[in-house]
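Let me begin by presenting the structure, written as structure tokens, before commenting on it.
The values are calculated or read from the model by the stated rules, or taken from the named source; none is laboratory data. These numbers come from a predicted model, not from an experiment. Ideal geometry is used to build each Cβ from the backbone, glycine not excepted, and the neighbour counts take in all protein chains shown. Surface accessibility is based on the protein's heavy atoms, side chains included, excluding ligands, DNA and RNA. Shrake-Rupley method; radii C 1.70, N 1.55, O 1.52, S 1.80 Å.
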Amino acid sequence: MDVVGAKNSVLKLMAAALLAEGRTTITNCPRILDVPLMGDVLRSLGCEVAVDGDVVVIDVPAELNPEADYRSVSRLRASVCVLGPLVARCRRAVVPLPGGDAIGSRPLDMHQAGLRLLGARSEISHGCVVAEADGPGVALRGAQVWLDFPSVGATENILMASVFAEGTTVIDNAAREPEIVDLVRMLQEMGAKISGGGTSTLTVHGGAELTPTTHRVIGDRIVGATWAFASVITSGDVTVQGVDPHHLDLVLDKLMQAGATVEPVGEGFRVVGSGRPRSVDWVTLPYPGFATDLQPMAIALSAVSDGTSMITENVFEGRFRFVEEMVRLGADARTDGHHAVVRGVERLSSAPVWASDIRAGAGLVLAGLVADGETEVWDVAHIDRGYPLFVENLTALGGDIRRVNAPPVR
Ligand code: UD1
């Protein structure tokens, strides 16, 4: 199974294009709805954006409009990553708050605190996060920033805001996700002076002139891992290409503990499940810990494993909402605060269930693959936002799945 570029990378790379006037080309983009939606956000700022297959071309004007449009921003949360580039380019940004979602409240306090340390004023006003670094005596200048938590979004926004700041910015307790490393690489290709990508300390020497670039998005480790979980849950045999297996070291090790055989194949990996998996405990943490985006897959696996699994969610407080849907499928699961205890059962039983977000939807489909009878997963538009050709890919892997057009249930 070939996996294309990472959703959590491409959207930030599209925002990074704002930092240089001219034409930036991004390749290996996933064909998911969020890419054209991010294109709409950039258009509202004055860019021309063409999405053609897996290539996105962004023409950035000399003068950007620093105010993002509510209708486009509210359709995808990741659009908040235009905040940093707009502050850097325009010294002013007005970005409507995208709102909470099914996995938690998702505040922007760390983004704002970082921008303030760089010298911008920032407040929430009329439903927008407003950041300004213009006017007499105000300038963006390098600063020491300590993040309370290695937030992916805050790291990205502060990093992008700092590239034109005067002096050196150091972001400590920065996120270390492979998607951050991808963003750092693209910014370096554009001419930014950044070191420390992939470590918890990022150093930016501000003031560089940036020029547009052509950049290839890294493979989507979450999609690759989803197919790996599918293999173990269904006693299948799946080979994944297009994802750096080192981005999944911990996940693949855990799947081996659950009884799977994992081997390198070319530049990817093969995962073979055999019989009922063994129960394993899972703890979500920022990278290189186990990704919160894979927690629903871990619960689906635990639901049919031999033994009891404890799943601890440390990143998003609302992420266990979907466990109720797993219970509808016959999972013996209960949650208490940020822990879930799942006692594996031999068989799940089909039921109509609701996909509350991208990853919950994927986890429910994986569980549906091994539930007795026909499982209906509703509101699968969520899944389309993270997984290109989800049904087609699962069918190619041997899954018995079809898409039925239906109106949203919630
Ligand atoms: C990104 C990913 C998402 C992934 C998450 C964690 C994208 C588009 N989304 O989301 O798929 O699950 O990283 O790996 O890349 N927080 C605050 N204040 C802030 C910022 C964050 O309290 O200012 C909290 C959040 O509520 C959450 C935690 O920090 O509890 C981590 O959030 P963060 O790493 O920022 O996630 P996102 O960038 O939103």
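Considering the range 313-410, the qualifying strands (runs of 3 or more DSSP E), each wholly inside and each with 2 or more residues that are β-branched (Val, Ile, Thr), run over 339-343. Might you check whether a residue that is within 16 Å of the ligand (Cβ to nearest atom), outside any helix (DSSP H, G or I), closer than 17 Å to Leu11 by Cβ and in contact with a Phe, Trp or Tyr (Cβ under 6 Å, 6 or more places away or on another chain) occurs anywhere in the range 175-190? Scanning the range 175-190 turns up at least one residue that is within 16 Å of the ligand (Cβ to nearest atom), outside any helix (DSSP H, G or I), closer than 17 Å to Leu11 by Cβ and in contact with a Phe, Trp or Tyr (Cβ under 6 Å, 6 or more places away or on another chain). Scanning the range 40-88 for residues that are open to solvent by 40 Å² or more (accessible area, probe 1.4 Å) and of a type in the set (Ser, Thr, Tyr), we see that the one that is farthest from the ligand (Cβ to nearest atom) is Tyr70. Taken over the range 347-366, the criterion of being within 16 Å of the ligand (Cβ to nearest atom), of a type outside the set (Gly, Ala, Ser) and within 17 Å of Ser231 (Cα to Cα) is satisfied by Arg359 alone.
Residue-level check: of (1) open to solvent by 20 Å² or more (accessible area, probe 1.4 Å); (2) modelled with pLDDT of 95 or more; (3) touching a strand residue (DSSP E or B) at 6+ places or on another chain (Cβ under 6 Å), Thr375 misses just (3).
Matching residues to (1) closer than 19 Å to Asn393 by Cα; (2) of a type in the set (A, V, I, L, M, F, W, C); (3) assigned to a strand (DSSP E or B):
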{"site": "His215", "(1), (2), (3)": "no, no, yes"}
{"site": "Val223", "(1), (2), (3)": "yes, yes, no"}
{"site": "Ala230", "(1), (2), (3)": "yes, yes, no"}
{"site": "Leu250", "(1), (2), (3)": "no, yes, no"}
{"site": "Met256", "(1), (2), (3)": "no, yes, no"}
{"site": "Gly259", "(1), (2), (3)": "no, no, no"}
{"site": "Pro264", "(1), (2), (3)": "no, no, yes"}
{"site": "Arg270", "(1), (2), (3)": "yes, no, yes"}
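Restricting attention to the range 156-174, the residues being within 15 Å of the ligand (Cβ to nearest atom) and either out of contact with any helix residue (DSSP H, G or I) (no Cβ under 6 Å at 6 or more places or on another chain) or not in a helix (DSSP H, G or I) (or both) number 4. Screening the range 211-262 for residues that are touching a Lys or Arg at 6+ places or on another chain (Cβ under 6 Å) and of a type in the set (A, V, I, L, M, F, W, C) and picking the one that is farthest from the ligand (Cβ to nearest atom) gives Ala258. Under the condition of being within 12 Å of the ligand (Cβ to nearest atom), outside any helix (DSSP H, G or I) and open to solvent by 20 Å² or more (accessible area, probe 1.4 Å), which residue from the range 103-123 is farthest from Thr155 (Cα to Cα)? Among those that are within 12 Å of the ligand (Cβ to nearest atom), outside any helix (DSSP H, G or I) and open to solvent by 20 Å² or more (accessible area, probe 1.4 Å), it is Ser105.
Is there a residue being in contact (Cβ under 8 Å) with a residue 60 or more places away in the chain and away from the ligand (no atom under 16 Å from the Cβ) anywhere in the range 130-138?
Here is the first cut: in the range 130-138, the residues in contact (Cβ under 8 Å) with a residue 60 or more places away in the chain are none.
So far as the range 130-138 goes, no, none of its residues is in contact (Cβ under 8 Å) with a residue 60 or more places away in the chain and away from the ligand (no atom under 16 Å from the Cβ).
Can you find a residue in the range 299-307 that is open to solvent by less than 10 Å² (accessible area, probe 1.4 Å), at pLDDT 95 or above and out of contact with any helix residue (DSSP H, G or I) (no Cβ under 8 Å at 6 or more places or on another chain)? Within the range 299-307 (the criterion being open to solvent by less than 10 Å² (accessible area, probe 1.4 Å), at pLDDT 95 or above and out of contact with any helix residue (DSSP H, G or I) (no Cβ under 8 Å at 6 or more places or on another chain)), the answer is yes, since at least one residue qualifies.
May I ask you to say which residue of Gln144, Gln188 is free of Cβ contacts under 8 Å to residues at least 12 places away in the same chain, surrounded by fewer than 23 Cβ atoms within 10 Å (Cβ to Cβ) and not aliphatic (A, V, I, L, M)?
Working: Gln144 fails: free of Cβ contacts under 8 Å to residues at least 12 places away in the same chain.
None of the others qualify; the one that does is Gln188.
Candidates are the residues of the range 4-17 that are at pLDDT 95 or above and open to solvent by 10 Å² or more (accessible area, probe 1.4 Å); the one that is nearest to the ligand (Cβ to nearest atom) is Asn8.
Checking Ile32, Ile26 one by one, the residue that is buried (at least 22 other Cβ atoms within 10 Å of the Cβ), in a loop (DSSP other than H, G, I, E, B) and within 16 Å of the ligand (Cβ to nearest atom) is Ile32 and no other. Within the range 335-372, restricting attention to residues that are among the basic types (Lys, Arg) and under 30 Å from Ala406 (Cα atoms), the residue that is least open to solvent (accessible area, probe 1.4 Å) is Arg359.
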